[in-house]
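Structure first, then comments.
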Amino acid sequence: MICITMKKEVLVLALSDKENRPVPEHIAIIMDGNGRWAKNRGLPRTAGHKAGGETFRRIANYCRTIGVKYLTVYAFSTENWKRSEEEISGIMGLLERYLTEALRDMEKNAVTFRFFGDLSRLSPKLRKLCEDAQTRSSEFHEVQVNFCLNYGGRDEIIRAAKAFAADVAAGKRTADSLTETDFECYLDSAGVPDPELVIRPSGEMRTSNFLPWQSAYSEFVFMNVLWPDFKPADLDKAIEEYYRRNRRFGGA
Ligand code: FPP
């Protein structure tokens, strides 16, 4: 298996940061609170996801404007299959529509798409859209959106362990020589730098199986706003909070 780890570029948040501190290169977001947003308005949960999809578009555009290179979003977890058929097909329908449009506008937008998660359980139509979006966008190198779809961090690690074990059985690797860097090549996120900042809106204070390996040293910012209400100004607040943290990576 070939794994290329991209070189870290230092990006500067020239637009809003007067001190020219580098904007996080990679921001990951748990898009939470769609259901409550809809309930507060007496609307079906699917309306909350539709509004959440619009928020995703706005925030993805904003991330690009301020120079964030990677945006990873939790769109559907391995546990979300427990939801009603209506809700699941609502979310899948939104993703299909979004990816159909993204494929149509691919050259204009030049966004790279990656998909983290086990795509084998998705409908053939959605899986094909994901595969086409990933393949056709791989030539772009400006900004990258990683969708976590049928994603669970533990499931990702188990799949990576199985792939590694298969390579050992095939004589391509030896178990004793395995390093963290080698193992990362088997993860869905191979080649993507770890997120510096993970944001969870909606007031919940847990990580829910989202990027457990990759977020080992991330800064977490939990916010009291429901995802459909999340504005670029909220992202600015999260980045300001990130700047206030003193990242030591285990050092003194
Ligand atoms: C969690 O909120 C959200 C999800 C399980 C789905 C997220 C999906 C989207 C935002 C739409 C994806 C589409 C595009 C185009 C990106 P919740 O339903 O658990 O909210 P609750 O905790 O208030 O019930």
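Descriptive notes on the structure:
- Residues that are in contact with a Ser or Thr (Cβ under 6 Å, 6 or more places away or on another chain) and hydroxyl-bearing (Ser, Thr, Tyr), drawn from the range 74-94: none
- Condition met for Thr65 (at pLDDT 95 or above and either out of contact with any strand residue (DSSP E or B) (no Cβ under 7 Å at 6 or more places or on another chain) or loosely packed, with under 13 Cβ neighbours inside 10 Å (or both)): yes
- In the set (1) surrounded by fewer than 17 Cβ atoms within 10 Å (Cβ to Cβ); (2) within 17 Å of Asp188 (Cβ to Cβ), Ala133 fails one condition alone, (1).
- Those strands (runs of 3 or more DSSP E) of the range 140-245 in which at least 3 residues are at pLDDT 95 or above and more than 28 Å from Ser120 (Cβ to Cβ), considering only elements entirely within it, cover 219-222.
- So Asp229, is it surrounded by 17 or more Cβ atoms within 10 Å (Cβ to Cβ) and either in contact with a Leu (Cβ under 7 Å, 6 or more places away or on another chain) or not β-branched (Val, Ile, Thr) (or both): no
- Any hit, the range 157-176, residues being crowded, with 21+ Cβ neighbours inside 10 Å and either over 24 Å from Glu25 (Cα atoms) or not hydroxyl-bearing (Ser, Thr, Tyr) (or both): no
- Selection from the range 54-72 of residues that are without any contact (Cβ under 8 Å) to a residue 40 or more places away in the chain and among the small types (Gly, Ala, Ser): none
The values are calculated or read from the model by the stated rules, or taken from the named source; none is laboratory data. Small disclaimer: the values here were computed from a predicted structure and weren't measured. In this analysis, Cβ positions are derived from the backbone assuming ideal geometry, glycine residues included, and neighbour counts consider all displayed protein chains.
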